[in-house]
There are 2 protein chains.
Amino acid sequence: MNIYFACSITGGRAYEAVYQSITRALLDAGVEVPTAHLAETGVVDEERIIQPRAVYERDVAWMRSADALIAEVSVPSHGVGYEIGFALNLGKPVLCLHEQGRAVSKMITGNPHPNLIVRSYQNSVQAAELARDFFSTLHPTL
Amino acid sequence: MNIYFACSITGGRAYEAVYQSITRALLDAGVEVPTAHLAETGVVDEERIIQPRAVYERDVAWMRSADALIAEVSVPSHGVGYEIGFALNLGKPVLCLHEQGRAVSKMITGNPHPNLIVRSYQNSVQAAELARDFFSTLHPTL
């Protein structure tokens, strides 16, 4: 099982601890998460020096090889919005997680795509639980 | 000629004056801009009371009927990122405009799609000029 985790990089890192809670829960469950480093502290500086085209090609290749996408959408991000649509177009299941009370774009919350799930959480522990539950529905034998 | 203008609503309105400069330049040139109201002050409250599904269906219908999309991407937005990908998938030309010096997602700046143009501007007058130039290349006889 391979899950692409999408989160804000350029747009802000206020939810970095939640990103890490989600990726670590997935990794602990044996899921491959090619983008796990995007949750870590310091990634903004690391990504800044990579050519834009290289980031795009890398992320698209990871999305194509993933079984599903989990996006943390509490902080707005063009990249994450683009990736949600890209993954849905590829027929991948997509879970969007956001902190309860955060306003999320209606292009996400109002999107009736059958492969899209949007859930809110109250804290990073619950965010990780929702990610694990989503993973379990994809792979019920694990 | 019908151009879908995309800008941040939920994500922040710091560039609202630029949004208005762009939509007014297009409207003055005789372009139909179904989303022109999204550039106006007060739109956040107006949009808040509309059901998410209705916003999604409305915006998708407008994108399908548009000849092209212009997105202002200085402020991160999931919706705008989603819309850029959606319009490209429909084969529409897309222009992304951002203030010079603003960090924009590499999923946008590194995207090699032949229908995507990304340009920076120094002020709202130049943003409007870039929007008009883009419109002229789509419709060179006007």
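Taking the residues in the stretch B:87-100 that are part of a loop (DSSP other than H, G, I, E, B) and out of contact with any strand residue (DSSP E or B) (no Cβ under 8 Å at 6 or more places or on another chain) as candidates, determine which candidate is nearest to residue A:107 (Cα to Cα).
Of the stretch B:87-100, the ones part of a loop (DSSP other than H, G, I, E, B) are B:90-93, B:100.
Now restrict to residues that are out of contact with any strand residue (DSSP E or B) (no Cβ under 8 Å at 6 or more places or on another chain): B:90-91.
On the way: B:90: 17, B:91: 19 Å.
Only one residue fits best here, namely B:90.
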Could you tell me which residue of the stretch A:17-53 is nearest to the other protein chains (Cβ to nearest Cβ), considering only residues that are surrounded by fewer than 21 Cβ atoms within 10 Å (Cβ to Cβ) and touching a Ser or Thr at 6+ places or on another chain (Cβ under 7 Å)? A:52
So residue B:12 clears everything in (1) in a helix (DSSP H, G or I); (2) open to solvent by less than 60 Å² (accessible area, probe 1.4 Å) except one condition, right? Which one? (1)
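Restricting attention to the stretch B:63-81, does a residue exist that is free of Cβ contacts under 8 Å to residues at least 12 places away in the same chain, within 10 Å of another protein chain (Cβ to nearest Cβ), part of a helix (DSSP H, G or I) and out of contact with any Gly (no Cβ under 6 Å at 6 or more places or on another chain)? Full working, then the answer.
Keep residues of the stretch B:63-81 that are free of Cβ contacts under 8 Å to residues at least 12 places away in the same chain, which gives none.
Looking for residues that are free of Cβ contacts under 8 Å to residues at least 12 places away in the same chain, within 10 Å of another protein chain (Cβ to nearest Cβ), part of a helix (DSSP H, G or I) and out of contact with any Gly (no Cβ under 6 Å at 6 or more places or on another chain), one finds none in the stretch B:63-81, hence no.
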Kindly evaluate residue A:84 against the criterion of being closer than 21 Å to residue B:103 by Cβ and surrounded by fewer than 22 Cβ atoms within 10 Å (Cβ to Cβ). no
Residue check, residue A:67 crowded, with 19+ Cβ neighbours inside 10 Å, in contact with a Lys or Arg (Cβ under 9 Å, 6 or more places away or on another chain) and either closer than 16 Å to residue B:76 by Cβ or not hydroxyl-bearing (Ser, Thr, Tyr) (or both): no
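Any residue that is outside any helix (DSSP H, G or I), within 14 Å of chain A (Cβ to nearest Cβ) and under 14 Å from the mean Cα position of the chain (by Cα) - is there at least one of those in the stretch B:54-62?
For the stretch B:54-62, residues outside any helix (DSSP H, G or I), within 14 Å of chain A (Cβ to nearest Cβ) and under 14 Å from the mean Cα position of the chain (by Cα): absent.
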Could you count how many residues in the stretch B:105-137 are closer than 15 Å to residue B:71 by Cβ, more than 10 Å from chain A (Cβ to nearest Cβ) and assigned to a helix (DSSP H, G or I)? 6
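How many residues does the stretch B:89-104 hold that are under 13 Å from the mean Cα position of the chain (by Cα) and either within 11 Å of chain A (Cβ to nearest Cβ) or not basic (Lys, Arg) (or both)?
Restricting attention to the stretch B:89-104, the residues satisfying the condition of being under 13 Å from the mean Cα position of the chain (by Cα) are B:92-98.
Those left that are additionally either within 11 Å of chain A (Cβ to nearest Cβ) or not basic (Lys, Arg) (or both): B:93-98.
The number of residues fulfilling the criteria is 6.
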Of the conditions (1) farther than 27 Å from residue A:9 by Cβ; (2) within 9 Å of chain A (Cβ to nearest Cβ), residue B:10 clears all except one; give me its number. (1)
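With B:102, B:119 as the choices, which residue is open to solvent by 10 Å² or more (accessible area, probe 1.4 Å), in contact with a helix residue (DSSP H, G or I) (Cβ under 6 Å, 6 or more places away or on another chain) and closer than 24 Å to residue A:59 by Cα? Spell out how you get there, then give the answer.
On the way: B:102 fails: in contact with a helix residue (DSSP H, G or I) (Cβ under 6 Å, 6 or more places away or on another chain).
Selected residue: B:119, the only one of B:102, B:119 that is open to solvent by 10 Å² or more (accessible area, probe 1.4 Å), in contact with a helix residue (DSSP H, G or I) (Cβ under 6 Å, 6 or more places away or on another chain) and closer than 24 Å to residue A:59 by Cα.
The values are calculated or read from the model by the stated rules, or taken from the named source; none is laboratory data. Here the structure is a predicted model, which is why all the values come from computation and not from measurement. Quick reminder, even Gly has a Cβ in these numbers, built from the backbone with ideal geometry, and neighbours come from all protein chains shown. Just the protein is used for accessible areas: all its heavy atoms, side chains included, with ligands, DNA and RNA removed. Shrake-Rupley method; radii C 1.70, N 1.55, O 1.52, S 1.80 Å.
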